[in-house]
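A short worksheet on the structure shown next.
Where a number appears in this text, it was derived from the coordinates with a stated rule and is not lab data. Everything numeric here is computed off the predicted structure, so don't read it as measured data. FYI the Cβ positions are ideal-geometry reconstructions off the backbone, even for glycines, and counts take in every protein chain you see.
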């Protein structure tokens, strides 16, 4: 695996506030990977103020978002959350989140103004795709709430679908396929994205040639349609 991804997978960050909401809530955040063969790199789950964003649709990606979307590096986005006074759980799966698997993060009594939730994690294998949630207003009432999250394209790298161990911002290529389902020898036939702002990911093209073709990805395995993740929020009151 790419050294950058290995280092990220080994680092776990957790920040919990000692301050409380007026109603003393604990928030449990469960993320489930709904794809067939796409992995999520270490997730960043953040509670923050209304005007804080890890990403925004139709807006150019920040350098820190680009680093996450192309190589799975969430360190810069963690710094953004900290600078904005937010709270976060980093890497709740303690590594990659496999297809069908779930990870849970708990934010215990977040600060009163941190009432918005965002989540990001790279989709692997893609060039600059990521699962994302941008600024969901955390429900006020106790209960269980379910949402579905889309895959987004950062718009920072052409989707050449070539696995070459890349992953550094500005370096073409996909770091790896953790599931071992990809081929090799593909010759890219795509140019830069027509939409170079953050936008809905159009999915994987792939092919069925394991030793050539237009892609290293397998169209029979890696493609997806619709949401890539399920989010379940459980709002609990303190005992």
| Taking N as the number of residues in the chain, what is its alpha-carbon radius of gyration divided by 2.2 N^0.38 Å? | 1.00
| note | residue 51 and residue 168 label points (each 7 Å along its Cα→Cβ direction) are spaced in nm at 3.6 nm
| note | Percent antiparallel among DSSP beta bridges confined to the chain, nearest 5, equals 95 percent
| message | Sort 232, 89 by Cβ crowding within 10 Å, fewest neighbours at the top. | response | 232, 89
| Between 139, 172, 110, which gets the highest mean-square fluctuation from a Gaussian network model of the chain, Cα cutoff 10 Å? | 139
| Which of 30, 70, 157 comes first, and how do the rest follow, when ranked by fewest Cβ neighbours within 10 Å? | 30, 157, 70
| So what are the radius of gyration and Dmax for the Cα set of the range 55-119, in Å? | 13.2, 34
| message | Using the basic label-point model (7 angstrom from Cα toward the beta carbon), what is the residue 59 to residue 200 distance in nanometres? | response | 2.0 nm
| query | When only Cα pairs under 8 Å and 6 or more residues apart are kept, what is the percent relative contact order across the chain? | reply | 27 percent
| query | Measuring from a point 7 Å past the Cα of residue 26 along Cα-to-C-beta, which residues in the range 89-128 have an amide N at less than 17 Å? | reply | 89, 104-111
